[in-house]
1. Can you report the number of residues in the stretch 1-18 which are charged (D, E, K, R) and over 24 Å from residue 133 (Cα atoms)?
2. Filter the stretch 81-99 down to residues that are in contact (Cβ under 8 Å) with a residue 40 or more places away in the chain and closer than 18 Å to residue 51 by Cα and give me whichever is surrounded by the fewest Cβ atoms within 10 Å (Cβ to Cβ).
3. From 72, 122, 84, grab the single residue that is of a type in the set (S, T, N, Q) and modelled with pLDDT of 90 or more.
4. For residues that are exposed (fewer than 12 other Cβ atoms within 10 Å of the Cβ), modelled with pLDDT under 90 and of a type in the set (Gly, Ala, Ser), tally how many sit in the stretch 46-69.
5. Being exposed (fewer than 10 other Cβ atoms within 10 Å of the Cβ) and either within 25 Å of the chain's Cα centre (by Cα) or at positive phi (or both) is the filter here, so list the residues in the stretch 4-27 that pass it.
6. Taking into account only those residues within the stretch 114-137 that are in a loop (DSSP other than H, G, I, E, B) and of a type outside the set (Phe, Trp, Tyr), which is surrounded by the most Cβ atoms within 10 Å (Cβ to Cβ)?
7. Quick check on residue 104: is it buried (at least 19 other Cβ atoms within 10 Å of the Cβ), within 12 Å of residue 155 (Cα to Cα) and among the aliphatic types (A, V, I, L, M)?
8. Considering (1) under 30 Å from residue 13 (Cα atoms); (2) modelled with pLDDT under 90; (3) β-branched (Val, Ile, Thr), say which one residue 153 fails and leave the rest.
Amino acid sequence: MQVLEAGPNKYLLLELDPDLIGNIAKQAGFEFKIEDHQRVMSVDLAATDRQAPLLLFDAADPGNLGWFSRCQFYVDGKSGSILQTPLSLANQRDRRGRALPHAVRLQIAKELPGGFRMPGRQPVTEQVVYAVLFNLLNALLNTGVGVCGGPIVKPLAGRTENVGPKN
């Protein structure tokens, strides 16, 4: 990790290892494709051997209360940001534009504001990001990740359809 000071601004520059990110994805049970850019690392994840969809659910739906009570990660449905982490999540889509139930795209920010803190006011390091990534991937497969509002990130599990008549 490097610290960059530009006038009054301070930035943390994470030096993430693509091979280690790939090993984490593989250990969690995902097939992956990594694109390493200057400011972000993008990881396409697919759980092709999985029968059920990834546990990405609508946190606002009362029918998903059981999932909501177990999850430790929440995604802002408008931006895709995973709250209190340098991670963002997006659906992968098929040719018709429908969300694929077994695949997501994850972005890891490598450039963060100097005051960025993880949950519990923990400072950011590469090792902390690796641990959070591993926990997130396990949550997508086992315990669930809640989507909070917004039209951008679509839930994949639980009650995903709106209740009521459709016009």
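1. Looking only at that region, the number is 2.
2. Among those residues, the one meeting the criterion is 92.
3. Being of a type in the set (S, T, N, Q) and modelled with pLDDT of 90 or more holds for just one of 72, 122, 84, which is 84.
4. So the answer is 2.
5. 7, 15, 19
6. 124
7. Considered against the rule, which asks whether it is buried (at least 19 other Cβ atoms within 10 Å of the Cβ), within 12 Å of residue 155 (Cα to Cα) and among the aliphatic types (A, V, I, L, M), residue 104 comes out as yes.
8. (2)
The values are calculated or read from the model by the stated rules, or taken from the named source; none is laboratory data. Just so we're clear, the structure is a prediction, and the values are computed from it rather than from any experiment. Every residue, glycine among them, receives a Cβ derived from its backbone with ideal geometry; neighbour counts consider all protein chains shown.
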